[in-house]
Amino acid sequence: MSEIEYKVPVMADMAAQGQSPEVLFWVGCAGSFDERYKQVTRAFVKILNKVGVSFAVLGPEESCTGDPARRAGNEFLFQMQAMSNIQLMNAYEIKKIVTACPHCFNTLKNEYPELGGNYEVIHHSTYLQQLINEGKVKLQGGGEFKGKKITYHDSCYLGRANKVYEAPREVLQALDAELVEMKRCKTKGLCCGAGGAQMFKEPEKGKKDINIERTEEALETGAKIIAAACPFCLTMMADGVKNKEKEAEVAVMDIAELIAKAEGL
Amino acid sequence: MAYLSQIAFIAVLGVAIYFLYKRISRIKKNIQLGKALDRSGNTSERMKTMLLVAFGQQKMFKRIIPAILHLFIYVGFLIINLEVLEFVIDGLFGTHRFFAPYLGSFYGVLMNGFEVLVALVLFSCVAFLVRRNVLKVPRFQSAEMTSWPRLDANLILVIEIVLMFAILTMNATDQILQGRDAGYYATGSIFFSALFIPLFEGLSTGTLIFIERFAWWFHIVGILAFAVYVTYSKHLHIFLAFPNTYFSNLNAKGQMQNMPEVTKEVKMMLNLPVENADAPAEIGRFGAKDVNDLSWKNLMDAYSCTECGRCTAECPANLTGKKLSPRKIMMDTRDRLEEVGKSLEAGGPGLEDGKSLIDDYITREELLACTSCNACVEACPVTIDPLSIILQMRRYAVMEESNAPASWNSMFSNMETSFSPWKFAPSDRFNWANDINKKQS
Ligand code: SF4
Ligand code: SF4
């Protein structure tokens, strides 16, 4: 395998050289700070490098889209965040954004236009699906996941919120894996429990935590890999698997990681 | 004598229309207590949604057994109401089976068709009663299904059963009378009611005429009374499902409604140009404390809710034992709105009665348990959006009362100071790229 030197171009540098990337990779807060999710960010960047996409990140200039503040009820804070992000991206004349976080995706795509931010926004699952369809990502015989049982956990903000159900599944199919569905999937998919700013507080009193309920359902499928396409889902499902003491047998992975791994990146 | 019954009929019809009119104007006024919201335009897509979801029952078919049972009642309701048209004409003009002479033998065919529907409606109503009271389908047993909602649901089914039996009794006695040359128009045999003929055959012509007339009156008065009752019941969805789906949200479900009044202030704080900056700021509350802070569509949603619990059955919070139930959110909104409306009608304080939707009806605990997953919105057969109400009430709690859990407050301050919901230095944001060329485990 030839060693690739991975590059992560930063928007400010590009702009200084008068260049503009084809697509901006919006990393998101989890992608930037969460130890586990940083691996997903790197995996996705490696794929972008391998394919030779002209991309850039905002780097230190990026800041939270404001999604959790908005869902918690703090509209001021949300709009402050949104406005400054929009000012920044409009200054860079950003046209197209790809992000691995469904919450960022939803906010950038659906909520920024009303505040003056109009971009073509696309989730990394759709982006990966396009790369695969265009033959830019070629998985020879599916790599190490061939024939393995994988189940896909729908993210609410990708699925019901934006009707993206098939793209992540098609990406998994490209791995030549055996895709098994949970009892509740697609439009009926059960939330991981983290949305609506729940990620940032303890759950309310109840019989059970939502991620445990969902993890049980995922484990029932007998899949050895639980695929996710959202940083919050990834955390919640990984916690659930740990709670069930199954982390040695069952891996929780993002679809970008699976592709990167299958490609040997 | 004949005039007497016509006068009685006109009186009954008049009373029913009066009560319906009064009640409908009240509901309309109540819905108009809501804030403005633009749901105009996109006529063709709106029509399509209404035809598919309300008329075509599209979303019902996610659960096939109740969908089919419900379809029987729904089609029965639509078509049997054609027969009510004949009832009204007969009542007003003192005729009997007005359409029969015009339609000839086809009338008999029609009657047979109606009776098939009558039988299907009967079957479905009984099946629904069994599901609710014997099989105890879980979604009809949750906490918010207190005695009134349960009674309401059962009453509707029982009334429908009784009304169907009235039709069958009327048709059965009518068929006997046709044979006795009592001046009854020959409809030919009507299959289902003919099964009841043996019950009545031994009775005298006079008694039969009395029973036939009684059943006729019972049915039409029953239907009119039912129409009035419906406006006080969850059964209002039989009318409101249509406008409610027509005006449903056509945007992506994930998109939260913007608050333009906030945009204006934020722009001024950031020294950005603001359109019509001198226009007086809209005075009002941030978020929703009471029903008048919600939009008219939220309020129409509340009146359209059938209390079927499909939302709650999919709600992750409810499924794991949290207090939140999206159905309860809708029921509470409607109960509070009814309370306010009643008070206004009686010249009372209305919204100023010292109560509010938040706290007196919906607790903070419920609001905080929502994951904004949209499962409830997706599940609702009449495109009701409980999430929109929840999120507006969260806005009230946070923006008007600064009432948020401590961990949310830290999340807010992290975002204000370091532009991330977690406490990390903004300068570290790009550190993930440092070791990208290192071999990963
Ligand atoms: S959006 Fe909220 S209320 Fe609706 S199903 Fe999800 S958690 Fe329950
Ligand atoms: S909101 Fe919709 S799904 Fe929920 S109980 Fe009412 S009608 Fe049924």
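General observations
- Comparing A:Glu75, A:Glu134, A:Glu181 in a Gaussian network model of chain A, where Cα atoms under 10 Å apart are tied by springs, the biggest mean-square fluctuation is seen for A:Glu134.
- Net charge dipole size for the protein assembly as shown [Lys, Arg +1 and Asp, Glu -1 on Cβ; Debye, nearest 20]: 940 debye
- Rounded to whole Hz, the Karplus (6.51, -1.76, 1.60) HN-Hα couplings of region A:128-139, x for glycine and proline: 5, 4, 5, 4, 5, 4, 7, x, 7, 10, 10, 9
- Mean projection of the Cα convex hull over all viewing directions, computed for the protein assembly as shown: 37.5 nm².
- For the residues of A:154-163, the average number of beta carbons from a partner chain within 10 Å of their own beta carbon is 5.
- The protein assembly as shown, accessible surface, carbon-and-sulfur percent (1.4 angstrom probe): 60 percent
- Within a Gaussian network of chain A (alpha carbon springs, distance under 10 Å), most fluctuating of A:Glu120, A:Glu35, A:Glu170: A:Glu35
- Relative intensity, log₁₀ I(q)/I(0), of chain B from a Debye sum that treats every alpha carbon as a point, q = 0.11, 0.13 Å⁻¹: -0.97, -1.22
- Each other residue within a Cβ distance under 12 Å of A:Tyr112 adds +1 if Lys or Arg and -1 if Asp or Glu, for a net charge of -2.
- Note on B:402-415: average number of Cβ atoms from other chains within 10 Å of each residue's Cβ is 5.
- Farthest positive-ward along region B:311-356 dipole, Cα basis, beta-carbon charges - from B:Gly341, B:Pro316, B:Leu351: B:Pro316
- Backbone N under 12 Å from the B:Leu71 label point (7 Å along Cα→Cβ), restricted to region B:104-141: none
- Peptides B:12-20, B:54-62 ordered by average Cβ neighbours within 10 Å, highest first: B:54-62, B:12-20
- Across peptide A:25-31, the average count of Cβ atoms from other chains found within 10 Å of a residue's Cβ is 3.
- Over chain A, the Kirkwood radius and the radius of gyration, each from Cα atoms, give a ratio Rg/Rh of 0.96.
- Largest GNM mean-square fluctuation among B:Leu391, B:Leu224, B:Leu195, using chain B with Cα springs under 10 Å: B:Leu195.
- Leaving ligands and nucleic acids aside, the B/A contact buries around 6200 square angstrom of accessible area in total at a 1.4 Å probe radius.
- Angle between chain B longest axis and helix B:2-31 axis [Cα atoms, degrees, rounded to 10]: 0 degrees
- In degrees, nearest ten, helix B:147-179 long axis to first principal axis of chain B (Cα): 20 degrees
- Region A:139-262: Cα Rg divided by the 2.2 N^0.38 Å rule of thumb: 1.02
- The peptide list A:200-212, A:143-155, A:8-20, put in order of mean Cβ contacts within 10 Å with the highest first, becomes A:143-155, A:200-212, A:8-20.
- In a simple Cβ point-charge model (Lys, Arg +1; Asp, Glu -1; nothing else charged), region A:139-262 has a dipole of about 320 debye relative to its Cα centre.
- Note on region B:25-94: the alpha carbon radius of gyration divided by the globular reference 2.2 N^0.38 Å gives 1.61.
- In degrees, nearest ten, helix B:205-230 long axis to first principal axis of chain B (Cα): 10 degrees
- Listed peptides B:76-88, A:156-168 by packing density, highest first (mean Cβ within 10 Å): A:156-168, B:76-88
- Under a 5 Å amide H cut-off, with hydrogens placed 1.01 Å from N, A:Lys96 pairs with A:Leu24, A:Glu120 among residues at least 5 apart or on other chains.
- In a simple Cβ point-charge model (Lys, Arg +1; Asp, Glu -1; nothing else charged), region B:2-236 has a dipole of about 1460 debye relative to its Cα centre.
- Amide N proximity, region A:13-42 versus A:Ser84 label position 7 Å along Cα-to-Cβ, cut-off under 17 Å: A:27-30
The values are calculated or read from the model by the stated rules, or taken from the named source; none is laboratory data. Bear in mind that the values here come from a model prediction, so they are computed numbers and not experimental data. With ideal geometry, Cβ positions are generated from the backbone for all residues, glycine too; neighbour counts draw on all protein chains shown. Ligands, DNA and RNA are stripped out before the accessible areas are found, and what is left, the full protein with its side chains, is counted by its heavy atoms. Shrake-Rupley method; radii C 1.70, N 1.55, O 1.52, S 1.80 Å.
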